[in-house]
Amino acid sequence: MATNRRAARARELLDDRYLRVRPTIALLGTPARGWVRTVREALGMSQAELAARLSVNQKTVHATEAAEVDGRIQLSTLARAADALGCDLVYALVPRQSLREIVDARAVVVAAAQVRAVDQSMLLEDQLSTGHEERIRREAARIAERGVGLWHPVRDLPGPDADSCVDAGSSAAPMVDRHG
C-alpha cells in the first residue's frame with residue numbers, strides 16, 4: 001500500500017508540473033522540417049558549417065536532419081546537434097491527459113472486465129442483479145485506489161482498449177467515484 005501512496009504522490013506532483021507547462025508545449029509543436037534544420041537555418045548556418053562544428057561531413061548533417069523528420073534520430077545525435085547549435089535538448093513525455101485521468105480510465109477498463117466476468121457467471125446461475133454501471137464505478141474506484149493489477153493485460157474486453165490505457169476521448173474516466 002505504501003508503494004501505491006508513493007505512486008499517487010508522484011502522479012500528483014507530475015500532474016502539477018504538466019498543468020503548468022502543457023500550454024507552452026502545445027504552442028511549440030515540432031516544426032515540419034525538424035528542429036535541427038529550423039534552428040540551423042534561423043542561425044544562418046549551412047549544413048557544411050554545422051558539419052564542421054560536429055566534426056562530421058555535410059552528408060551526415062543532411063542524414064541527421066532527415067532522420068529527425070522521419071522520427072528515426074537517436075537522442076544522443078539530437079543532443080550533439082543541439083549543442084553544436086547552441087541549444088539544449090529538452091526531452092519529456094507529456095501525457096495527453098492527467099496521469100490521474102489515465103489511472104482512473106484504466107481502472108474502469110479493468111473493473112468492467114471483472115464485473116463482466118462476474119455477471120457472466122451470475123447469468124449462468126440465473127442470479128444476475130441490476131446495477132451493472134454502479135458496480136463498475138465502485139470497483140474502478142477501489143482498483144484506482146489500490147493500484148494493484150491496474151496494468152495487467154485485460155484479455156476479455158473487445159476492441160483496442162482492452163489491453164491499453166483508454167484515451168482522452170473515452171467516457172470511461174468520469175465513471176470513477178472517489179467518494180462512493
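Just so it is clear, none of the values below were taken in a lab; they were calculated from the coordinates. Fair warning: this is a prediction, and the values are worked out from it, not measured in the lab. Neighbour counts are summed over all protein chains in view; Cβ atoms, including those assigned to glycine, are modelled from backbone coordinates with ideal geometry.
Report note on the peptides 74-84, 8-18: ranked by the mean count of other C-beta atoms within 10 Å, highest first, their order is 74-84, 8-18. Simple point charges give the picture: +1 on the Cβ of Lys and Arg, -1 on the Cβ of Asp and Glu, and for segment 2-84 a dipole about the Cα centre of about 380 debye.
Here the peptides 46-54, 87-95 are ranked by packing, the mean other Cβ count within 10 Å, and the order with the highest first is 46-54, 87-95.
Taking θ as phi - 60°, what are the ³J(HN,Hα) couplings along segment 143-149 by the Karplus curve (6.51, -1.76, 1.60), each to the nearest whole Hz, with x for Gly and Pro? Karplus values, whole Hz, x for Gly and Pro: 5, 4, 5, 6, x, 7, x.
Note that segment 107-120 has calculated 3J(HN,Hα) couplings of 4, 5, 4, 5, 4, 4, 5, 5, 5, 4, 5, 5, 4, 4 Hz, one per residue in order, obtained from phi through the Karplus relation 6.51 cos²θ - 1.76 cosθ + 1.60 (θ = phi - 60°); glycine and proline are x. In this simple spin-label model, placing a label point 7 Å from the Cα along the Cα-to-Cβ direction at both Arg96 and Gln74 gives a separation of 3.0 nm.
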